[in-house]
Amino acid sequence: MSAAGRADHAASDAAAPAYLVRGEDASLVAQAAHALVGRLLGERDPALVVEEHGGPSADDLDVGAVVDACTTPPFLVDRRIVVVRDAGRLGAADANRLVAVLRDPLPSTVLVLVAGGGTVPQPLVKAVGSVGEFVDTSVGIGRERARWLSEHLKAGPVHLDSAAASRLGGHLGEDLGRLEGLLETLATAYGDGATVGRDELEPFLGEAGAVPPWELTDAIDAGTPAEALAALRRMVGAGGRSGPEVVGIVHRHFANMLRLDGADVTSPDEAASYLGVRSSFVAKKALGQTRRLGSQRIAEAIGLIADADLDVKGKSALPAEVVLEVLVARLSRLVRVSAPTGRR
């Protein structure tokens with residue numbers, strides 16, 4: 001190998017002493033951790049290099065064994081990769097033991113912490129940041145989500161035309177952890193590098209993924225019952241959200257309007273400060289809807305939500321899904337009616 005070739009190989013094989021893989025979607029976190037370990041492993045034998053620790057139970061994690069692995073030079077190989085699953089289960093004392101390890105890490109050992117099971121203690125997060133790297137799998141919303149999806153589709157094993165890409169993004173909703181497996185399935189069916197259209201994609205889609213809460217509340221605000229009910233069914237079905245949870249989402253949405261009704265608030269920034277929310281965009285929507293509905297209809301909406309809350313908790317003999325559908329339909333219809341703008 002030439003000197004330039006050795007330099008390129010060394011650059012591609014470079015590793016930080018520690019990594020923290022984190023995000024909100026457990027599937028995306030697991031996929032990112034798998035890809036990271038694969039990159040760190042290179043052509044090495046995983047049986048000799050990779051040590052796995054942790055799991056779904058706190059009893060599965062022996063921090064003493066992790067410390068020993070991190071402080072003992074590897075045998076017969078040049079690198080040891082120590083993977084700690086569900087690092088959010090670490091207690092403060094155990095996290096401090098790993099912080100001590102990262103103060104003077106072995107150059108031959110890489111510690112990979114995979115978030116899950118709770119919140120990773122902040123001292124350990126800071127220690128990783130001081131010597132290593134974070135792998136953030138958060139998708140974001142709006143344009144950030146669209147950009148994430150576009151980038152992953154471009155890097156995938158098949159090419160989706162615009163119609164197929166749009167259909168896939170809408171179908172997956174929040175369940176983007178399914179994307180990698182679906183693309184691999186399409187590559188198996190049509191071949192690597194194949195162009196896949198909407199008709200070729202359709203048989204492989206399966207169940208529609210969950211949608212974020214604002215798709216439901218936006219559809220209610222627009223007074224479109226069909227869209228609101230479609231969003232509700234995806235939240236309850238694929239998303240697995242319970243009846244009280246959905247009622248809570250709708251209640252928080254209208255409770256913001258109730259708080260703004262009669263308040264001396266004139267701008268989105270003032271509304272955001274008054275409501276205690278970070279996004280002025282969210283506050284702007286709440287302020288606009290408050291003015292559109294007016295006091296009477298906001299009060300009616302709160303009453304409908306209160307009744308539904310009791311019904312999904314057992315007051316009514318109706319199934320929770322029916323109660324939610326009736327609530328969403330009534331709220332959408334209430335919004336469709338031209339509302340007065342007067343305050344209480």
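The values are calculated or read from the model by the stated rules, or taken from the named source; none is laboratory data. Everything numeric in this text was worked out from a predicted model, so none of it was measured. Note: ideal-geometry Cβ built from the backbone for every residue, glycine included; neighbour counts use all protein chains shown.
Worth a mention:
- Residue, farthest from G173 (Cα to Cα), within region 189-213, restricted to residues that are of a type in the set (G, A, S) and at pLDDT below 80: A189
- Number of the condition not met by Q296 [criteria: (1) touching a Pro at 6+ places or on another chain (Cβ under 9 Å); (2) buried (at least 18 other Cβ atoms within 10 Å of the Cβ)]: (2)
- Some residue of region 181-192 being of a type outside the set (S, T, N, Q), outside the structural domain of A33 (by TED's automatic domain parsing) and in contact (Cβ under 8 Å) with a residue 40 or more places away in the chain: no
- Of note, L176 does not satisfy the criterion of being at pLDDT 80 or above, under 21 Å from Q31 (Cβ atoms) and either surrounded by 13 or more Cβ atoms within 10 Å (Cβ to Cβ) or over 17 Å from the mean Cα position of the chain (by Cα) (or both).
- Apart from one condition, A189 fits all of (1) farther than 21 Å from A35 by Cβ; (2) over 15 Å from the mean Cα position of the chain (by Cα); (3) surrounded by 14 or more Cβ atoms within 10 Å (Cβ to Cβ); the exception is (3).
- Hits in region 59-72 - residues which are at pLDDT below 90 and not in a helix (DSSP H, G or I): L61, D62
- The sole residue among H171, H152 that is surrounded by 14 or more Cβ atoms within 10 Å (Cβ to Cβ), outside the structural domain of R103 (by TED's automatic domain parsing), at pLDDT 85 or above and part of a helix (DSSP H, G or I) is H152.
- Pairing residues of region 314-328 that are assigned to a loop (DSSP other than H, G, I, E, B) with residues that are surrounded by 19 or more Cβ atoms within 10 Å (Cβ to Cβ), at Cβ distances under 7 Å and at least 6 apart in sequence or on separate chains, gives S316/V323; L318/D311.
- The set of residues in region 275-303 being farther than 21 Å from E215 by Cα and either at pLDDT below 85 or not in a helix (DSSP H, G or I) (or both) consists of G276 alone.
- Sole residue being out of contact with any Lys or Arg (no Cβ under 6 Å at 6 or more places or on another chain) and in a loop (DSSP other than H, G, I, E, B), chosen from L113, L124, L98, L106: L106
- Here R44 clears all of (1) assigned to a loop (DSSP other than H, G, I, E, B); (2) over 16 Å from T109 (Cβ atoms) except the condition numbered (2).
- Annotation note: of G262, G237, the sole residue that is in contact (Cβ under 8 Å) with a residue 40 or more places away in the chain and surrounded by fewer than 17 Cβ atoms within 10 Å (Cβ to Cβ) is G262.
- Helices (runs of 4 or more DSSP H) wholly inside region 185-262 containing at least 1 residues that are among the hydroxyl-bearing types (S, T, Y): 213-221
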